[in-house]
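Below is one structure, written out as structure tokens; comments come after it.
The values are calculated or read from the model by the stated rules, or taken from the named source; none is laboratory data. Predicted model only: the values in this text are computed from it and were never measured. Note that we place each Cβ from the backbone using ideal geometry, even for glycine, and neighbour counts take in every protein chain shown. Heads up: the accessible areas ignore ligands, DNA and RNA and are worked out on the full protein's heavy atoms, side chains in. Shrake-Rupley method; radii C 1.70, N 1.55, O 1.52, S 1.80 Å.
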Amino acid sequence: MIFLYKYDIITLYDINIKDILGGTMILETIKRQDLTYEQKLVSLARLAENTLDVINKSEKLKEYMKKNIVCDLMEGEAPYRPRYIVPDYSKFMDQGSNFLGLEVPKDIWEATNNLLILYKHVPSITTMPVYLGNIDYLLEPYIENEEEAYRAIKLFLKHIDSTITDSFCHANIGPRDTKAGRIILKVMRELQLPTPNLTLKYSEETSKELAIDAIKTALSTAKPSFANDDMFKKDFKGEYGIVSCYNGLKIGGGANTLIRVRLGALAKEATSIEDFFSRVLPEVTKEVLKFIDDRSKFIMEESGFFQSSFLVKEKLIEQEKFTGLFGFVGLAECVNTLLNAKEKKEKFGYFQIANELGERIVKSMYSFIENHKSKYAGEFFENTHLLHAQVGIDTDVNESPGCRIPIGEEPEMLEHILQSAPFHRYCPSGIGDIFVFDQTYKNNLEAILDIIRGAFANGMRFYSLYGSNSDVVRVTGYLVKKSEMEKLDRGEQVLRDTTALGKGARDNAKALERRLRYGK
């Protein structure tokens, strides 16, 4: 088990719990000068939560966690809210809220104000909302004067960045072209802020003009990403939201928990490829699925969240639309270890046998999960949890996110897309690749749109991009500013706590050293 002691990741097995109970770590946190008040508050709450032990863990699971093969991604020892919550904001706009004393909005100012108020009351693992809704659709009905709407939306987005100080906060636009969507993209370029993260749901319904405007914005400020709308709608039987890093979840639902396996570390437990498939992978999958069930059980039946939250009572979320996420990282390192691959031509991303082995591993996990029926995965999901290609954490070393090819080893664009796309079908709750474009592409935005269309036609689910000269960059699935990381390097306070995670990913995982794609 690991948890965030703000800008340090600490392994619980390596510290004495008496240091928490006795106040040593509490006092250290209180005295830190590189944390804001809010960051100290969250850190102190985490320390308090981690003095408890309410989730039963088998001895085998404890062994996996001690070896850092399995981790709960800092969710805490006594989860008292779902990790990710995806409210039905359209319903909220149509009905208002009795609990918050909000009537149905009548103009753009009331619409943005109502949303900002609700956001303060949507929890998550970060304590802040990880999903803000399809904000263009939410605001479009209230646009009468575009100049006034521009002012309101600019203040709305600035408020979000200054108060939801965590770039796991995610908004969606599209697939239809709207006045609100165009204003949002314009403001994103002007403000150059990392929060909220943004995704354009892309389909045949998306106009070429909106897609080009989105690409122009992404080269400037690392957002929006592009989601394959048809693929997500098929998997979620209709409406879905892209939340947090790039997690697809059902509108009105969410995910109780996300537990991940480090496949690269797991491969070292196997004596052979056959041993990996017959013993090692089934054993760890069984332990993780039980851990997901146990954590979900506590949230659903013991924490009181679903029994007391006004979000449930006002039908903005429904328990049967929640599930659990089985995450993984390090597929590339796992394959390379099992094959004892040394040369690039033998490795995952380049060698057909390596790629086929990678797909066999992911397909096996998918099958284990599909056959595990749980009362803590909602009826909407036919009582199954979902597979998720996790983006990694800042302390990961030699463990690539999800199914990605290691940074610095990426092949040419076409080969990269064709290698990556087959894995996307197995991860409905999130998978994606990131591509960094040289600034020369600003003169040929249609070329990037052609690449995205081709990627989606070949089965890719999610496509992210940013420009090489941008201050706002995409680290793994979230955004940070390079200038803010430089402040943290100097020991200065920063507004957003994800800046620290970005700094760690930059230093430990070379997250800002992706292959640069040049235009002509």
Checked segment 459-478 for anything surrounded by fewer than 19 Cβ atoms within 10 Å (Cβ to Cβ) and small (Gly, Ala, Ser); matches are Gly459, Ser468
Among Ser374, Ser429, Ser364, which is among the small types (Gly, Ala, Ser), in contact (Cβ under 8 Å) with a residue 12 or more places away in the chain, more than 25 Å from Leu338 (Cα to Cα) and surrounded by fewer than 24 Cβ atoms within 10 Å (Cβ to Cβ)?
Ser374
Just checking, which of Glu77, Glu148 is touching a residue at least 60 places away in the same chain (Cβ under 8 Å) and closer than 26 Å to Cys169 by Cβ?
Glu77
Flag for Gln192 being surrounded by fewer than 16 Cβ atoms within 10 Å (Cβ to Cβ) and under 27 Å from the mean Cα position of the chain (by Cα)
yes
Does segment 419-455 hold any residues that are within 20 Å of the chain's Cα centre (by Cα) and among the hydrophobic types (A, V, I, L, M, F, W, C), and which are they?
Ala421, Phe423, Cys427, Ile431, Ile434, Phe435, Val436
Since Val54 meets every condition but one in (1) open to solvent by 10 Å² or more (accessible area, probe 1.4 Å); (2) among the hydrophobic types (A, V, I, L, M, F, W, C); (3) not in a loop (DSSP other than H, G, I, E, B), which condition does it not meet?
(3)
If Ala354 satisfies all but one of (1) buried (at least 24 other Cβ atoms within 10 Å of the Cβ); (2) modelled with pLDDT of 95 or more; (3) of a type in the set (A, V, I, L, M), what's the number of the condition it fails?
(1)
Going through segment 113-124 in order, the residues found to be part of a loop (DSSP other than H, G, I, E, B) and either open to solvent by less than 30 Å² (accessible area, probe 1.4 Å) or small (Gly, Ala, Ser) (or both) are Val122, Ser124
Quick check on my filter: what residues within segment 170-187 are open to solvent by 10 Å² or more (accessible area, probe 1.4 Å) and part of a helix (DSSP H, G or I)?
Lys179, Arg182, Ile183, Lys186
Selection from segment 197-227 of residues that are buried (at least 22 other Cβ atoms within 10 Å of the Cβ) and not in a helix (DSSP H, G or I):
Asn197, Leu198, Thr199, Leu200, Lys201, Tyr202, Ala222, Lys223, Pro224, Ser225, Phe226, Ala227
Take segment 59-76 and flag every residue that is open to solvent by 10 Å² or more (accessible area, probe 1.4 Å) and assigned to a loop (DSSP other than H, G, I, E, B).
Lys67, Asn68, Met74
Would a scan of segment 194-208 turn up a residue that is without any contact (Cβ under 8 Å) to a residue 60 or more places away in the chain, acidic (Asp, Glu) and within 30 Å of Glu302 (Cα to Cα)?
no
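Quick grid of which residues meet (1) out of contact with any Ser or Thr (no Cβ under 8 Å at 6 or more places or on another chain); (2) open to solvent by 10 Å² or more (accessible area, probe 1.4 Å):
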{"position": "Arg81", "(1), (2)": "no, yes"}
{"position": "Phe92", "(1), (2)": "yes, no"}
{"position": "Gly96", "(1), (2)": "yes, no"}
{"position": "Leu100", "(1), (2)": "yes, yes"}
{"position": "Ala111", "(1), (2)": "yes, no"}
{"position": "Asn145", "(1), (2)": "yes, yes"}
{"position": "Tyr150", "(1), (2)": "yes, yes"}
{"position": "Thr163", "(1), (2)": "yes, yes"}
{"position": "Phe168", "(1), (2)": "no, yes"}
Does Met485 satisfy the condition of being surrounded by 21 or more Cβ atoms within 10 Å (Cβ to Cβ), closer than 22 Å to Glu204 by Cα and not polar (S, T, N, Q)?
no
With respect to Gly324, is the statement that it is farther than 25 Å from Glu399 by Cα, part of a strand (DSSP E or B) and either touching a strand residue (DSSP E or B) at 6+ places or on another chain (Cβ under 9 Å) or modelled with pLDDT under 95 (or both) true?
no
Can you pull out the residues in segment 387-418 that are buried (at least 21 other Cβ atoms within 10 Å of the Cβ), over 19 Å from Val288 (Cα atoms) and polar (S, T, N, Q)?
Ser400
Of the residues that sit in segment 31-44 and are touching a residue at least 60 places away in the same chain (Cβ under 8 Å) and assigned to a helix (DSSP H, G or I), which one is least open to solvent (accessible area, probe 1.4 Å)?
Gln39
Tabulated pairs, segment 440-458, first loosely packed, with under 13 Cβ neighbours inside 10 Å, second aliphatic (A, V, I, L, M) and part of a helix (DSSP H, G or I), C-beta under 8 angstrom, 6+ apart or interchain
Glu446/Ile212
Which residues, counting only those in segment 302-334, are crowded, with 18+ Cβ neighbours inside 10 Å, among the hydrophobic types (A, V, I, L, M, F, W, C) and in contact (Cβ under 8 Å) with a residue 60 or more places away in the chain?
Phe305, Leu311, Leu316, Ile317, Phe322, Leu325, Phe326, Phe328, Val329, Leu331, Ala332, Cys334
Pairs with Cβ under 6 Å, 6+ apart, first in segment 272-301 and free of Cβ contacts under 8 Å to residues at least 24 places away in the same chain, second open to solvent by 10 Å² or more (accessible area, probe 1.4 Å) and not aromatic (Phe, Trp, Tyr):
Val280/Glu269; Val280/Ala270
